[in-house]
Amino acid sequence: ARMPADVKNETKKWTLEKENELRIECKGKITLQMRSGACEIFGSELVLGKKYTFENSKFAIFTWIGCELSVTGKCESAYPSDDTPMVTYINTHAALQKMRQDAKAKGNKATGPVVMIAGPKDSGKSTLARILLSYAVRCSWKPTYVDLDAGQNEITIPGCVAACPIDQPIGIDSTWKNRGPLAYFYGHTSPSQNQEIYKRLCQKLAESVEKRCHRNASARHSGVIINTCGWI
Ligand SMILES: Nc1ncnc2c1ncn2[C@@H]1O[C@H](COP(=O)(O)OP(=O)(O)OP(=O)(O)O)[C@@H](O)[C@H]1O
Ligand SMILES: [Mg+2]
């Protein structure tokens, strides 16, 4: 059931069952607080009682064990759902986790998983990348994030392809910026605008990431998550 909280600054309490999510879309500012239990937003855990502010956002708060939330402010839409891909996502994480452990156990030369996320526009690719990176970091790995989406590059400015090491928790409201990224300027928003140069830059980026993984055992075992632009 869709239940828009349409009175400004009204506080609404939500109780989420385990493995459910609360989907929120807001234009104006809203404040979110976890009252009990545990929950996470795209892989980053909320702190009990801490106030989080969102503006012009679309996101989901997922709980593995159940939780109580309060939301203050006007949401365009807010509704709970048990239709979430999180179980598939955590199983994917578990498979990657095993590959990382195997790489570490094998010793120095072994490489962890290198995962490329592909799919149609707006299918949740960037969200999945964020979740897999968050889970890896929560398990003390130091994966490398590669964003090949030149149209809406998350690591740096649009028009670039970029990579950065993820060696600390991502956090709810933090961005990827200022994490020591390596970026190549492409100058267009879509690979089709100059395929030759796009490929060249992706290759340069791949070589740099490979070099880093060669030097740094922890980065090598942790592996790489690659985000791409939407294919239609
Ligand atoms: N489970 C979810 N519940 C609600 N909103 C979600 C959920 N997963 C992702 N979203 C939202 O859906 C939108 C699209 O997700 P995302 O940006 O990850 O897709 P994408 O495949 O990377 O898109 P693009 O092709 O434009 O790069 C985002 O605004 C994201 O916050
Ligand atoms: Mg994306």
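Quick note: the coordinates plus some simple rules give every number you see, no bench work behind them. This structure is a prediction, so every number in the text was calculated from the model and none was measured. Cβ sites come from the backbone with ideal geometry, for glycine too, and all protein chains shown count toward neighbours.
In this structure, the amide hydrogen of Glu19, modeled 1.01 Å from its nitrogen in the peptide plane, lies closer than 5 angstrom to those of Thr63, Trp64, Ile65, Gly66, counting only residues at least 5 positions away or on a different chain. Between the helical axis of 86-106 and the dominant principal axis of the chain, each derived from Cα atoms, what acute angle in degrees is found, rounded to the nearest 10? With rounding to tens, the tilt is 30 degrees.
Highest mobility in the GNM of the chain, judged by mean-square fluctuation with C-alpha springs under 10 Å and restricted to Arg130, Arg200, Arg212, is found for Arg200.
The calculated pair-distance distribution of region 21-156 uses every alpha carbon pair, bins of 5 angstrom beginning at 0, and gives 2, 9, 17, 19, 19, 15, 11, 5, 2, 1, 0 percent. I need the Debye-formula profile for region 119-222: one equal scatterer per C-alpha, no solvent, reported as log10 I(q)/I(0) at q = 0.11, 0.15, 0.19 1/Å, two decimals. Listed by q, the Debye log ratios stand at -0.34, -0.64, -1.00. Look at the dipole of region 185-232 built from charges on Cβ: of Ala217, Phe185, Asn227, the Cα furthest out on the positive end belongs to Ala217. Once the mean of 1/r is taken over each pair of separate Cα atoms and inverted, the chain shows a Kirkwood hydrodynamic radius of 18.9 Å. Post the alpha-carbon centroid distance, region 32-81 to region 114-156, in whole angstrom. Taking the Cα centre of each part, region 32-81 and region 114-156 sit 21 Å apart.
Seen against the Cα atoms of the chain and their longest principal axis, helix 125-138 is set at about 90 degrees. Think of each Lys and Arg Cβ as +1 and each Asp and Glu Cβ as -1; about the Cα centre, that makes the dipole of region 11-81 roughly 340 debye. By the Kirkwood approach, averaging reciprocal distances over each pair of separate Cα atoms, region 11-81 gets a hydrodynamic radius of 11.7 Å.
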